[in-house]
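This report concerns only the one structure given below.
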Amino acid sequence: MTINPASRETRRPDSRSARTALILILAAFALLGVTYSVSVPIFEASDELWHYPMIEHISRTGRLPVQPLEPGTSSGPWRQQGSQPPLYYALGAVLTAWIDTSDMTTVRQPNPHAKAGEITPERNNVNLVIPTPHLKRFPWSGTVLAVHVVRLFSVALAAWSIYLTWALVRELFPVPPWLAVTAAGVQAFTPMHIFISSSINNDNLIIPLSTLTLLLMARRVKQAGRERSPSLHATVALGSVLGLALLTKASGLALVPLALATLAWEIWRRPNTEPWRRRVVAGAQQLLALLLPALLIAGWWFYRNARLYGDWLGLNAFYAVLGTRDVPATLGQLWAERFAFAAGFWGNFGGLNVPMPNWTYAILNTAAVIALAGLTLRFSLWLVGRRPQVSGEAEPEAADPPTEQSSPMTRQVWAKLWPFAWSNSTAARALAWAWAAAVLVSWTRWSAITWSSQGRLIFSAFPIWSAALILGLGTWMPRFRSHTGVGSRASTLPGMVLAVFLLSLSVVALPSWILPAYRPPAALETAPPAPTFEPLDAQFGAALELVGYRLATVKTHPGAELQFTLLWRALGAAQSHHSVFIHVLGAGDRIVTQRDTFPGHGLLPATQLEVGRLWVEQHVLPIPITAYAPDDLTLAVGLYDTSTGVRLGLVDQPQAISSDTIRFGQLSLVRRAGQTEANVIHAQFGDGMQLESYDLDTLIRQPGEQVTVTLIWRCTAPIPNDYTISVQLIDDQWRKAAQSDAWPLDGQAPTSSWEIGERIVETRTLTVDPEAEPSPYRLRVAVYRPTEDGTLDHLPVSLRREDMPTQALILTTLRVR
């Protein structure tokens, strides 16, 4: 009896303990997923606020929404998700079609002050929707019930994807059996994966579909040339799964070239004795069997996009609704955003504004770096290893082998890198790595255009990321067997430790970090004594009373955080939502920084307040690094109707600066310690121009008067072109009160002549338009040059490397009276 060594590799039985561990992982994930799904407030998971309206719309109308192409136009409550392929939403609509969701607008009320993607020290307005706990209590009904049904469906999909991860990694790396189990554990227990898996998100369908597609392709590649060709039925099944992936998310498109490569590999590995005509016919049949079902399932979606939007992917409509970066990101800019990306992969909950503690990211990112180094070492050892075969199967001859004069090392490396010299197992693994690379490249292109540079967007390749982490960490184990490219059983130990650590984080995250973020400030029984708070007793209509305040400091500087505490008392539930505005005012009542919020950092809507409720709010407002100093600051607070913007009047407050605003507190805004120049900001324009600092001769002017602005530049790199520096005064409606556009020093110092390290001090005189309306005006600086097609090429500007560059910089605000 002859035993095929390749069969020994693929059919080697897993240990019973590994299979038992897989069952335990699936059970633990299901328990955690269900717990998250019923515990996290609905619409408070990433993008769930917009994913669910797609389901509701399809369920109610049986149609897909048509997206606008005009940037900034409202698209409906689904926003950019209306441009997504619809399979996940259609399945959710089928599951919830029996539920009356006419109460969606009552349950789903977006928080107008939500800080999605912004992490503040006091967790200000983390809630994406206005809390309505009385509508969301168990037993569920209406929209709340529908959301939980789809959430549980997502948990089931995610459990399926974890099983498929085990199957895929087991197919790619049959030994040791614990490698596949550990990969499943890493995916299952990554906190962000659990958080997304327990919410409404189409990632929950693309992950299992892409994994299943990759699994089917890997099995075909590994069997190529050994047995008879796969049946057309099997290829139709592969094409069908591929079509379902295409109809779930645009990232599934990266699977198409991999599927074509799979068919090409099978044709190439067919016996050489087979006539070429038969090969061509068989290949055409397989190609048709692959593409036809994929086109039947998903082709109509691309046709619809082309007909409606003139773009077969519909990305132009997606960008119009979502918005794009002012300046497309470079690889360097994306690298500067790496912390936010990593946090979004490991766990940054809510609307990407409820993070884990920094030490968790430090540990996990360190593990990822070590794993990357291990993968690099593993790949290098594989290239120069003594054994070119991984599984013992026969190797095809290289199409273009190196010459006889080549060294043995060169021939070895050539055999490893040349695809036509690969074994089936090596080709299957290359297919998996190619999928991960394609997902990463797609994310890079997407993030370069949009502001969504979040790590969860690469979850569709999660099985590969999990395997990569385990393989990379295992490389550093003493018993690592580099010549096999797989590793010993002990090499999975670091991955097991990582999976256990991730499990512990997932268990702790929900009660320790996620749920507390949505708890309103605790009610106080009595007001703190007078020495603790400065009394105000400012009553705004019949809604709220600002009882007192406390300043943490009386001196601050640009770039610092201004900390203070407000003590509030509810006078009764309001008929409509009220928002609090907090202004930090400088000379001329200019707003230096501000905050608009619902009471209780967004968690105490005025319509739900109980009479006499007393609470404190800790506020931390960042002072912009560009704020003009020195200046005298005061705080100003008021209330307004959220829907109309009409302010509530103050009752009997002689110290108020107006009938609707209370003013209190005295602070000094001073220059930072050690600064010898005014307003040092170090704003980078492009690669070569840095605005070191600026100064003004006044902050208050009358129409027709002049303002002198001093800009101090430094050259940080060669500047190949001559750029115009534009200095403007504009208001909130983009009306200009003054403008000066010129080359530096009135053309005497063109930017192309600047030398590295050179310092240029430039003074601009702006004349305020005599017809300028009394208002605050922002001092805006931009650097540009005209192009041949008549457009303006702006130098991107940013204050910090991790900031998204913009086309202009706002320095400070001037008051025109």
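The values are calculated or read from the model by the stated rules, or taken from the named source; none is laboratory data. A quick note: this is a predicted structure, and the numbers were derived from the prediction, not measured. Here the Cβ positions follow ideal geometry from the backbone for every residue, glycine too, while neighbour counts run over all protein chains shown. Each accessible area value is taken on the protein alone, full model and side chains, heavy atoms only, with ligands, DNA and RNA left out. Shrake-Rupley method; radii C 1.70, N 1.55, O 1.52, S 1.80 Å.
Structural remarks
- Shown are Asp731, Asp687, Asp803, whose ranking by accessible area with a 1.4 Å probe and every protein chain present, most to least, is Asp687, Asp803, Asp731.
- Low-density loop cleavage sites - trypsin sites (Lys or Arg not before Pro) in region 211-319, where at most 10 other Cβ are within 10 Å (DSSP): Arg228
- Amide N proximity, region 791-817 versus Asp695 label position 7 Å along Cα-to-Cβ, cut-off under 20 Å: 811-815
- The mean of 1/r over all distinct Cα pairs in the chain, once inverted, gives the Kirkwood hydrodynamic radius of 30.3 Å.
- Cα-based shape type of region 251-341, given that a ≥ b ≥ c are square roots of the gyration tensor eigenvalues and the cut on a/c is 1.5: oblate
- For region 592-633, radius of gyration divided by Kirkwood radius, i.e. Rg to Rh on alpha-carbons: 1.15
- Ordering of 140-151, 183-194 by burial proxy (mean other Cβ atoms within 10 Å per residue, highest first): 183-194, 140-151
- Largest-first ordering by accessible area, 1.4 Å probe, given options Phe138, Phe173: Phe138, Phe173
- Over the chain, DSSP H runs of length four or greater, each weighted -39,500 (n - 2.57), average out per residue to a 222 nm ellipticity of -12500 deg cm²/dmol.
- His577 - accessible surface, heavy atoms, 1.4 Å probe, Å² rounded to 10: 40
- Space enclosed by the convex hull of the alpha-carbon atoms of region 199-309, per residue, Å³: 100
- Solvent-accessible area of Met217 with every protein chain in place, 1.4 Å probe, in Å² to the nearest 10: 0
- Shape parameters for region 683-817, alpha-carbon atoms, Rg then Dmax in Å: 15.0, 42
- Taking Cα centre as origin and charging only the Cβ of basic (Lys, Arg, +1) and acidic (Asp, Glu, -1) residues, the dipole magnitude of region 147-275 rounds to 180 debye.
- Taking the longest Cα principal axis of the chain as reference, the axis of helix 424-449 is set at about 20 degrees.
- Coupling constants for region 252-262 follow from the phi torsions by the Karplus curve (6.51 cos²θ - 1.76 cosθ + 1.60, θ = phi - 60°), and in residue order they are x, 4, 5, 6, 4, x, 5, 5, 5, 5, 4 Hz; glycine and proline get x.
- With an a/c value of 1.5 or above and a/b not larger than b/c for the gyration tensor axes a ≥ b ≥ c computed over the alpha-carbon atoms, region 269-393 is described as oblate.
- Gained length - Val94 relative to Leu24, 0.36 nm times residue gap less alpha-carbon distance: 22.1 nm
- Spacing of the two label points (7 Å from each Cα toward its C-beta) at Val281 and Ser643, in nm: 7.3
- Spin-label pair Arg63/Ile119, simplified geometry with 7 Å Cα→Cβ offset, distance in nm: 4.4
- Close amide H contacts of Val129 (hydrogens built in the peptide plane, cut-off under 5 Å, sequence separation of 5 or more or a different chain): Asn111.
- Val651 long-range amide H proximity, modeled H, under 5 Å: Gln539, Gly541
- One chain, two ends: Gln702 and Leu260. Fully extended at 0.36 nm per residue, the span grows by 152.1 nm beyond their Cα-Cα distance.
- Amide proton proximity set for Thr698, modelled H, under 5 Å, gap of 5+: Thr708
- FRET efficiency for the pair Arg338 and Gln807, taken as 1/(1 + (r/R0)^6) with r the Cβ-Cβ distance and R0 = 22 Å, rounds to 0.40.
- Paramagnetic reach from Leu295 (point 7 Å along Cα→Cβ, amide N under 19 Å) across region 192-218: none
- Considering only Ala678, Pro718, Ser740, the residue lying farthest towards the positive end of the dipole of region 638-781 is Ala678, judged by Cα position with unit charges set on Cβ.
- In sequence order, calculated HN-Hα J values of region 714-719 (Karplus, 6.51, -1.76, 1.60; Hz; x Gly/Pro): 9, 7, 10, 6, x, 10
- Three-way shape call for region 32-113 based on the alpha-carbon gyration tensor, with the a/c threshold at 1.5: oblate
- J(HN,Hα) series, region 54-65, from Karplus relation 6.51 cos²θ - 1.76 cosθ + 1.60, nearest Hz, glycine and proline x: 5, 5, 4, 5, 5, 5, 7, 10, x, 10, 9, x
- Number of Lys-Lys pairs in the chain with C-alpha atoms under 30 Å apart and a separation of 8 or more places or on different chains: 6.
- Extension gain (nm, one decimal) between Tyr303 and Thr634, 0.36 nm per residue minus Cα-Cα: 113.3 nm
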